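Below: one structure, written as structure tokens.
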Amino acid sequence: MFENVAVLAVKSQRLLAIAYLAARLFPSATYHIISTIPENLARPTLLTLYKRVMEEIAEDSINGVEMSLYRANLLAVKKVILKGRPEKVILDYIKKRKIDLTVMTAGVTDAHAFQLSGAVSRTMIAEAPSNLLIYPSAAKDIPERMDTLLIVVPKEILAKRGLVEDIVKRVKKVEGIKRATVLCKVKEERCRDSVVTLKELVRDVEVHEVLDETNFFEKYGELSAQADFVIAWRGKSELSRFSLMGRTIERKRPSLYQITLLELSRSPLLLL
């Protein structure tokens, strides 16, 4: 299912919790624990102290994640400290190492019209080629055993139907999921077709069909609060253009759909 998993290490209990969950769900993967040391342009006399302090912080963050993975009896671990602009060096590593799942925390701030907080979070959501397992800042604590699963089904996720079914099987086997809720943003017949196999895996399946954009997000927030784990389509990023020294630069940024999804999520979120 997932062969290479990257965990973006920070000193956070929430990151340790989501890393432990990932290790329980996907124990056969090789885990890359990544921390970064940003560039520093201070005077040379300060660089030595800066380097020592940042290395200690990076190693401490990595060791914390490593212990969480060991708790889940996971031993296939690579520890990586990258130097440079964090969002760039992490993205380059994920692409080069063919990471297929990135584990991270993410939050939304209202300081700038509900933008994702942190350059790394924004870059991963908008540009990372891997799937994403995220513990949103507003999400409730992860229970010891998960009971209810929420699957969000716009038409685009149907292309990954096989992967969704494999993940549901895995979550059910490990966590003992008993109930599943399906939130559909497709026409009725396609929605029902997408849950046929799901009903074979989980006995109690409830289906909600919402096509209107506003009602869709309202229903998502309600159902996310009731679920223990969410599988959703990641959505497309937006393309922004700006001029720099006479050149037009294009960059991807998180879309309103992606930001709203994270803002409303009250459970761990797997974006495919």
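Cα extents of region 4-136 along the three principal axes, largest first, in whole Å?
46, 36, 28
Kindly list the residues of region 52-68 that lie in the label zone of residue 40, defined by a backbone N under 13 Å from the point 7 Å along the Cα-to-C-beta vector.
Taking a point 7 Å out along Cα→Cβ of residue 40, the residues of region 52-68 whose backbone N falls under 13 Å are 52-58.
Full extension from residue 256 to residue 147: what is 0.36 nm times the residue separation minus their Cα-Cα distance, to one decimal in nm?
Details: separation 109, 0.36 × 109 = 39.24 nm, distance 2.96 nm.
Fully extending the segment from residue 256 to residue 147 adds 36.3 nm.
Filter 96/185; 160/185; 96/169; 11/88; 140/172; 98/252 down to the pairs with a C-alpha to C-alpha distance above 23 Å, please. Present the calculation step by step, with values, prior to reporting the outcome.
Details: 96/185 34 Å; 160/185 15 Å; 96/169 29 Å; 11/88 20 Å; 140/172 20 Å; 98/252 20 Å.
In this structure, 96/185; 96/169 lie more than 23 Å apart at Cα.
No lab work stands behind these numbers, since they all come straight from the coordinates. It should be emphasised that the depicted structure is a prediction, and the values quoted were computed from it without experimental measurement. Neighbour counts run over all protein chains shown; Cβ positions are idealised from the backbone, glycine included.
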